[in-house]
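Novice: Pasting a structure below so you can have a look.
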Amino acid sequence: MLKKLKKDLIVSINKSILSSFPSLKDRPLRVHLDIPKDRNNGHLSTNAAFQISSLVEESPLKTAELICESLSARLKKSKLQNRIMKVEVRKPGFINFFYTRNFLYRLLRVIADSPNKFISSNSGKGMKVQIEFVSANPTGLLSIAHGRQAAVGDAIAGILNFHGYKVTREYFINDEGNQIDALGKSVMARYLELQGKEASLPEDGYEGAYIIDIARKFTNKFNKNSLDKKKLNTLKIVSMFSVKRIMDEIKEDLEALGVHMDVWFSQKKLSRADKIGQVIKELKKKGLIYKKDNALWFKSTRFGDDKDRVIRKSSGEYTYLAPDIAYHKNKLERKFGKVINIWGPDHHGYIARLQAAVSALGAPEGFLEILIIQLATLYKNGRPVSMSTRKGQYITLKELTQEVGKDVARFFFLMRKRSSHLDFDLELAKKRSMDNPVYYIQYAYARISGIIELEKKEAKKLPRCKYALLDKPEELNLIMTLIEFPAVLESSAASFEPYYLTVYLRQLADAFHSFYQKNRVLSDDLAMTAVRLKLIKAVRNVLHKGLNLLGVSSPVKM
């Protein structure tokens, strides 16, 4: 209903513009409708007058007044008159629209009785999208920074799926290279120590109890003497064993957070199939690789990078860029319409070179979207908890999830924009009070569920709904908040920002609690009871859908 109204309204606005300014007949017009932050400025608004004022040599205000005069007359003769009560101009040139009360009630009825008709979208039209996120090196346990990336990536995937995209969640396992060698040597040192032998960690080694735990598990499974007798490469076996153990832990930790990867992609597979060498040959054929100082360089400056990049060192080792190019070649071959990489802020300088590589491979413009997620700081008793991944001194994602629960962890990770640093308040997250935003929203859902269950037990025969009874400011505010839900979802999908949905759900819960504090839902006034039940059922439907898209549960009891 809302989509149809907006579409019809945009057509009418365009016709009114051309009627008022015939000189624009051959100029394509892009009219947008937005929801004003202040509802005193209408339910919908357009800035079309600002777009064309310079073309017609009028001020935005005068332009808006001329469009509005034509538009008002046009709406009175159309079906929109039953949905648009008023059109007005506000300085400095906005044209604002107000819904009729009956249209609001019609929307409410749909949200309550047929939510899928209201809360649905197919804007993605089945496009295949791959989201690669977390992809932490398998050298240690996941930190809360990884947890934030996991929650954001998974929520984006859920929102895009809702909009009709076919999303693949993917984790790239960087399971070879110097960091894996350092891991193997670190575990090997602890393994030898457990056997009573002298050993020391390598200079670039990993510390922490988890290294000792892996070494202990390796000791329990393998006997050093038997490995020596079989003339096996103990360090290689230790490295492979360690990576597998850590990946098993990572998978368990992500599952505990409600994150389910569709694909676990190993870098080793690229190397074994010589995909890295093949993609370098492909770039050579295109004249995009050259040799300098015994190293191979990629001409990334051809595609907007600030300097060319080494892809194979003079020692013969590949840089990180080489397998990444091969991996994104694979993404292209899998026919994704769009791929999204979610990285931490330490990778910001890496964006231009990978974008250049993807362009060199022939990817269409906009194929690769790279999202940077800022770090998260854990606060405990008002003080930041120090972190050191290499030293193994940090609160792991597993520990955090176990302490506050999946729902709270996910929601808190999503409560800030991607570009903002996140302060994770552990004490607030553990509170079961209205100060905790997750509890506040879930409590609204549980309270509504309890009211509906109580009404079922009383089994009173309720009359047909008289929606006109819903005329109090807090009731109308609740309805208006409800009908903004699709626009919030569209914004979240377009900007890849689940944050907007967290803000909306808090606003909806706030609107419900304000309504509930002033009004009884179940009363002897059966007509009022019937229509208010309809209102809170609509709220429950939207809360459930919103929480579900964020991967947060909707408990019926708290």
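Novice: Determine whether Leu508 is touching a Ser or Thr at 6+ places or on another chain (Cβ under 8 Å) and at pLDDT below 95.
Specialist: no
Novice: Looking at region 116-132, which of its residues are over 27 Å from Ile373 (Cα atoms) and modelled with pLDDT of 95 or more?
Specialist: Listed by number, the list holds a single entry, Lys125.
Novice: Taking the condition among the polar types (S, T, N, Q) and more than 30 Å from Leu371 (Cβ to Cβ), does Ser514 pass?
Specialist: For Ser514, the condition - among the polar types (S, T, N, Q) and more than 30 Å from Leu371 (Cβ to Cβ) - is met.
Novice: Need pairs with beta-carbon distance below 7 Å; first residue surrounded by 15 or more Cβ atoms within 10 Å (Cβ to Cβ) and within region 246-257, second small (Gly, Ala, Ser) and assigned to a helix (DSSP H, G or I); sequence gap 6+ or separate chains.
Specialist: Qualifying pairs under 7 Å: Leu254/Ala150; Leu257/Gly147; Leu257/Ala150; Leu257/Ala151; Leu257/Ala409.
Novice: For region 460-500, which residues satisfy the criterion of being aromatic (Phe, Trp, Tyr) and under 21 Å from the mean Cα position of the chain (by Cα)? Break it down into steps so the answer makes sense when it comes.
Specialist: Narrowing region 460-500 to residues aromatic (Phe, Trp, Tyr): 467, 485, 496, 499-500.
Matches in region 460-500: Phe485, Phe496, Tyr499, Tyr500.
Novice: Follow-up. When residues of region 427-448 are filtered for being surrounded by fewer than 19 Cβ atoms within 10 Å (Cβ to Cβ), assigned to a helix (DSSP H, G or I) and among the small types (Gly, Ala, Ser), how many remain?
Specialist: Of the residues in that region, 1 qualify.
Novice: Right, next: Quick check: is even one residue across region 312-332 of a type in the set (D, E, K, R), buried (at least 16 other Cβ atoms within 10 Å of the Cβ) and more than 26 Å from the chain's Cα centre (by Cα)?
Specialist: yes
The values are calculated or read from the model by the stated rules, or taken from the named source; none is laboratory data. Just so we're clear, the structure is a prediction, and the values are computed from it rather than from any experiment. As a convention, Cβ positions derive from the backbone with ideal geometry for all residues, glycine included, and neighbour counts pool all protein chains shown.
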